[in-house]
Structures are given as C-alpha cells and as structure tokens.
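Engineer: Here it is: the structure, laid out below.
The values are calculated or read from the model by the stated rules, or taken from the named source; none is laboratory data. Note that the structure is a prediction, hence the values are computed from the model and not measured. Reconstructed Cβ throughout: ideal geometry from the backbone, glycine too, with neighbour counts over all protein chains shown. The area values use the complete protein model at the heavy-atom level, side chains included, leaving out ligands, DNA and RNA. Shrake-Rupley method; radii C 1.70, N 1.55, O 1.52, S 1.80 Å.
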Amino acid sequence: MDSPRSPIQPPTYGNLITVLSIDGGGIRGIIPATILVFLESQLQKLDGEEARLADYFDVIAGTSTGGLITAMLGAPNAQNRPLFAAKDIKNFYLDHCPIIFPQDSSPFAPASKLVKALVGPNYDGKYLHDLVKEKLGHTRLHQTLTNVVIPTFDIKRLQPTIFSSYEVKQNPSIDALLSDICIGTSAAPTYLPAHQFEIKDSTGRVTREFNLIDGGVAANNPALVAMNEVTKEIMRGSPDFFPIKANDYSRFMVLSLGTGSPKFEDKYDAHDAAKWGMLGWLTGHGSGTPLIDVFTHASADMVDFHLSTLFTALHSQHNYLRIQDDNLVGDVSSMDLATEENLKNLVKVGEDLLKKPVTTVNLETGHLEPYENYHGTNQEALIRLAETLSKEKRLRDMRSPIGRLAAENKFTN
C-alpha cells in the first residue's frame, strides 16, 4: 500500500524515539489541545511558521477525544501536509462541541438525562459522525503523515483493538478509515452510541467487522500502548529503528497530556457509593458518571505510575513529561457540559496549567506533586522540549539520505 512520506525521518538517523500521547476525556480534550497550541508555536519560532507537530513526533497516540486530536494532527491535506494546525483543533472544540453535546436548559433537564441514561446514550452522535467524516474524508490508517496509535474496545470480541500505523503494515484488515476509528474510540458508554463498520478487500469481500466503543475501556492514557507498538516494531527488525534495542527505553522521549481529573474533595466516596445500585453507578451525583470516571481515571493513573517508575529507574526522568491537572472542580470536570462558558473555562484551565510547576505522581498517595528534579513550569518544560525536538529533527535530516537530498534541492532552488 502507498502512503505519504513521513515529514519526520526515522529514528535510526537520530538519538531519540519521540512520542506524543493524549488521554481521553470528552470536551476536556480542549485542555491538551490548548497545551499543544503552545508547543507548536514554540516549534514554529525555531523552524518556521509551517512547522507542525507531526514533523517532530515518531508516533502520536490518542484515546477517545485524544484519538480525534491524533487523527487531526496526522491526517494529510491535498498538499500532503497536516490537515490541522494545533490552533485549528482548539477552535474545532469551541465551534463544534456545543452541537455535538447539546445542552438541555429546561427545568426538567436532570430528569430527562436520567431517563436517557436508562434507555440509551445521552447523545445520538449524528453531528459528530457527519463532521468527522467530512473533515477526514477517505483517509485511511496507513495514510497518516506520522505513525498513529489509537486504542478502541471491540464489544463483540470483548477485547481491545489497537489501530496502529505499525501494525497495519503487517495486518491490512485493520486499515480502516480514520473517521471510523475516531467514531469508535470516542463512543463512550452512556454518552455516545457504539460504532459498527466493516473492512472489505478489493473484491468487496468483508475481511473484518468491528463493533467498537470508547478506547478508554482499554487505555485512557495510551502512552504505554504507543511504546509497546514501537517495541514490537523494533523486535520485527524494522530498519527504521536500527541499531536501537527493544529494551532501550532511555531512548524514548515521551510527552503525555492528560485531560484533567476532579479535585480530591470533589470525587466520590464510599459512603455514597455503598448505596448505589446500577442506576447510581450510571448517574452518581452532579455531572459525572461514576462507572465511566472510575475506569478511565484508573487506566490513566496506572500508566502514569508505571512510566514514572520506569523512567526513574533508568535515570531518564527528563525523558518523560506528564502534564495533568488533578484539581478540577465543578463544571470543568464534566466530559459533556459543552456550554460556551464552560468551554472557555476549560481553555483557561489549559492556559493556567502551562504556568503551573512540572509535577510527578506520588506513587503512594496518587497525588500530583511538584517534581523536585524538573525545575520550572510546564511552559518552560515545553520550551525545552521544543528545542530538543527541533535539534533531533535537524540531526535526522542531516544524517538521512532523503533529508540531505531535500536540503540540497531547497538550497539549489
């Protein structure tokens, strides 16, 4: 299968394997989107206005709303450049989330939401489905400009299904439309309907059927999944990774972006949960859905625990940057309260998060604490990361035959 040439030369010509990971979280995806606007602006200061995130990351991974951002960053336009700049994605959330998640302002809204939770998903997803299909068109998994990894969960097989640029080279039966992958990974139970589609070969024969729900069931924080996909590719003997060893995790440079979690005092407690039946676990209190919140946050935190320990053990703490806010209170902790005011408040959360100190997870308490060995704010850490990414890209361009040829052509023209 033919695919667009990656805007980034393979890791075999550089020193690092660069990974961008984006958690799931509904409308809270606007938080990492805001952070990515800042990172891309720093790369543009270094390398010009046409610089895009897909030019610097070997793999971009995303779950649910993070999967949508991943597809938007990696999909090509007619000029074979990224379809969306980071600033376009933030505007996408502001413009379309109020229609994707229409709000009922009537006095009967709470009762209506309860009834919907009992008989079907809160939203029909039609606008989201049409919008994603319009924006991503006929682009398939193998056509992304850099490697992408998007987890989903197949409820018919009762197992995770990982849509991976690395795996699709070995298994064409997962070469789905990016639009179908995005609809599947964002189909959060109780919020949006499950998504069914088929892959057909050139003769029209069905080669695989998918019955997908939200990837957060499998990996709400997909950073570890992305690293596993890279490791498998190295073990296959891919020339893109020579002479990197499969267990050389110190070569990874990982930026992991969360979508926020409620403040400790604003979470659930056993006193309330002890009284819940199925209805209580689906509705809880306020704007949250306890069952969904529990498995998505548990999944994300476990990955953070693991990677924090791994990079610390390798004395490579600075190769892993996790940006997350665990102090969301009230409306901003909702996954679907898409009012104009709340969306603007979520942008503010992202902007404020840039000014906060770099944190690391306390493996005993689970709380985020200032990282003593990583001085400065998240904004300062991202500026340093941009410099590292820019140097890595230039190094690969200098060492690779394709990069040298492109540079020579640019110079002679």
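Engineer: Would you mind telling me which residue in Asp154, Asp325, Asp104 has the biggest mean-square fluctuation in a Gaussian network model of the chain, where springs connect alpha carbons within a distance under 10 angstrom?
Structural biologist: Asp104
Engineer: According to a simple spin-label model (label point 7 Å from Cα along Cα-to-Cβ), what is the distance in nm between Asn345 and Asn91?
Structural biologist: So the label points at Asn91 and Asn345 sit 2.6 nm apart.
Engineer: Plugging the Kirkwood radius over Cα pairs into Stokes-Einstein for region 298-359, at a temperature of 20 °C and a viscosity of 1.002 mPa s, what D comes out in µm²/s?
Structural biologist: 157 µm²/s
Engineer: Would you give the gap between the C-alpha center of region 39-64 and the C-alpha center of region 325-348, rounded to a whole Å?
Structural biologist: When both Cα centres are located, 25 Å separates them.
Engineer: Okay, next question. In the full protein assembly as shown, how much of Glu372 is accessible to a 1.4 Å probe, in Å² to the nearest 10?
Structural biologist: Surface accessible to solvent at Glu372 totals approximately 150 Å².
Engineer: What does DSSP give for the chain in terms of the percent of beta bridges that are antiparallel, rounded to the nearest 5? Don't skip to the end; give the middle numbers.
Structural biologist: Working: 20 of 38 bridges.
Restricted to the chain, the bridges split so that about 55 percent are antiparallel.
Engineer: Moving to a separate point now. Once you have a ≥ b ≥ c as the square roots of the Cα gyration tensor eigenvalues for region 134-184, tell me rounded if a/c is under 1.5, and otherwise prolate or oblate according to whether a/b is larger than b/c.
Structural biologist: Oblate is the answer for region 134-184, as a/c is 1.5 or above yet b/c matches or exceeds a/b.
Engineer: Output needed for the chain: three equivalent-ellipsoid semi-axes, defined as square roots of 5 times the C-alpha gyration tensor eigenvalues, in descending order, whole Å.
Structural biologist: Over the Cα atoms of the chain, the semi-axes work out to 34, 25, 20 Å.
Engineer: Which of Asp175, Asp130, Asp269 moves most in a GNM of the chain, Cα contacts under 10 Å?
Structural biologist: Asp269
Engineer: GNM on the chain, C-alpha springs below 10 Å: top fluctuator among Val206, Val37, Val358?
Structural biologist: Maximum fluctuation in the GNM of the chain, among the listed residues, is at Val206.
Engineer: Need one number for region 1-68: average projected area of the convex hull over its C-alpha atoms, nm².
Structural biologist: Reported value for the Cα convex hull: 5.8 nm².
Engineer: Could you work out what % of the accessible surface of the chain is carbon and sulfur, using a 1.4 angstrom probe and leaving DNA, RNA and ligands out of the count?
Structural biologist: Percent of accessible area from carbon and sulfur atoms in the chain: 55.
Engineer: Another one. Using the basic label-point model (7 angstrom from Cα toward the beta carbon), what is the Val119 to Arg399 distance in nanometres?
Structural biologist: Label at Val119, label at Arg399, 6.2 nm between them.
Engineer: To the nearest 0.05, what FRET efficiency results for Thr312 and Lys275 with a Förster distance of 41 Å applied to their C-beta separation?
Structural biologist: Values: r = 40 Å, r/R0 = 0.98.
About 0.55, to the nearest 0.05.
Engineer: Further, regarding this structure: Based on the alpha-carbon set only, what is the convex hull volume of region 98-247 divided per residue, in Å³?
Structural biologist: Values: hull volume 20.9 nm³, N = 150.
Given the Cα convex hull of region 98-247, per-residue volume reads 139 Å³.
Engineer: Got a number for the accessible area of Met398? Probe 1.4 Å, square angstrom, nearest 10.
Structural biologist: So the heavy atoms of Met398 present about 120 Å² to solvent.
Engineer: To continue, here is another question. Quick check for you: with a 1.4 Å probe and neighbouring chains kept, what is the accessible area per residue of the chain, in Å²? Numbers along the way, then the final one.
Structural biologist: On the way: 18690 Å² over 413 residues.
Averaged over the residues of the chain, the accessible area is 45 Å².
Engineer: Okay, moving on. Within the chain, which complete DSSP H helices have Cα atoms spanning at least 24 Å along the helix axis and a mean Kyte-Doolittle hydropathy of -1.0 or higher?
Structural biologist: Helices passing the filter in the chain: 30-47, 290-313.
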